[in-house]
Amino acid sequence: MNLRIGKLIIAALLVVVAIAALGQSAHAQPNISTQPDRASFVPGDSGTLTVTLINTETSNTIEIRNITVYFPWAQYVNGAWPSGANVSQNLAPNWPTLGSAQSGNNIKTFTFSFTIPSWFAGSIFGSGSICPNHPATRYSTAYRGCVIIGYTATPPQYVGQDASIAMALPTYTPTSIVSEWLPIATLVVLVVATLFLAMAWTILRRMSKK
């Protein structure tokens, strides 16, 4: 009887440990933020996108395996990605580790360069993103405006974050009435002045002959 009770206690302890381990694994994931180097862009501009990873866990570390960025203009056309639509960085074999929140080593940044295609218009509010929070894979022809981080877990996991890049609105400066008519008015004054000078010259010549 005592042996049976002991087995039950051990089994219960194993269940508790397993649940605790799963709970830690589920929460030990990096927080992701993105920041372009300018407030807005126009087609043809070049810039950089900074991806910041933060570990807010007080006891767990996070090992970062890879980073994949799909820019807002990412699209799969004729069986291929356009140049500059996405970038993927594998960090093996020396995977960087985010320390716990108290370690002082819980933040890492990565920078990616980009050039906006001439045909991309976007929006001042950023373009729409297709980016699942917990994708099953980091590769998909559907993703855009998305940063996906692969990190060590059991099994390895991915976490996604929207990555928006705002586009500036086209500007138009209307021509004022003054600036539009001033050259014409100047020309009219010059013509009238020339006519008066010609008339005055003619009158003076006639008077001199008399």
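In the stretch 147-162, of all residues being touching a residue at least 40 places away in the same chain (Cβ under 8 Å) and not in a strand (DSSP E or B), the one that is farthest from Leu98 (Cα to Cα) corresponds to Thr154. Filtering Leu49, Leu53 for residues that are at negative phi, in contact with a Leu (Cβ under 8 Å, 6 or more places away or on another chain) and outside any loop (DSSP other than H, G, I, E, B) leaves a single hit, Leu53.
In the stretch 137-159, of all residues being of a type in the set (Gly, Ala, Ser) and closer than 13 Å to Thr68 by Cβ, the one that is most open to solvent (accessible area, probe 1.4 Å) corresponds to Ser140. Scanning the stretch 62-120 for residues that are over 30 Å from Ala28 (Cα atoms) and without any contact (Cβ under 8 Å) to a residue 12 or more places away in the chain returns Val77, Asn78, Gly79, Ala80, Trp81, Ser83.
The number of residues in the stretch 132-168 being farther than 20 Å from Ile54 by Cβ and aliphatic (A, V, I, L, M) comes to 6. The requirement of being modelled with pLDDT of 75 or more and either out of contact with any Gly (no Cβ under 7 Å at 6 or more places or on another chain) or β-branched (Val, Ile, Thr) (or both) is satisfied by Thr141.
Restricting to the stretch 61-100, and then to whatever is under 13 Å from Tyr139 (Cβ atoms) and not in a strand (DSSP E or B), can you tell me which residue is most open to solvent (accessible area, probe 1.4 Å)? My answer is Tyr76. The set of residues from the stretch 30-62 being closer than 14 Å to Ala168 by Cα, small (Gly, Ala, Ser) and at pLDDT below 95 comprises Ala39, Ser40, Gly44.
The values are calculated or read from the model by the stated rules, or taken from the named source; none is laboratory data. Everything quoted here is computed from the prediction, not taken from an experiment. Don't worry about glycine lacking a Cβ; one is built from the backbone with ideal geometry, like all the others, and counts go over all protein chains shown. For the accessible areas, the whole protein counts, side chains as well, though only heavy atoms, and no ligand, DNA or RNA atoms are used. Shrake-Rupley method; radii C 1.70, N 1.55, O 1.52, S 1.80 Å.
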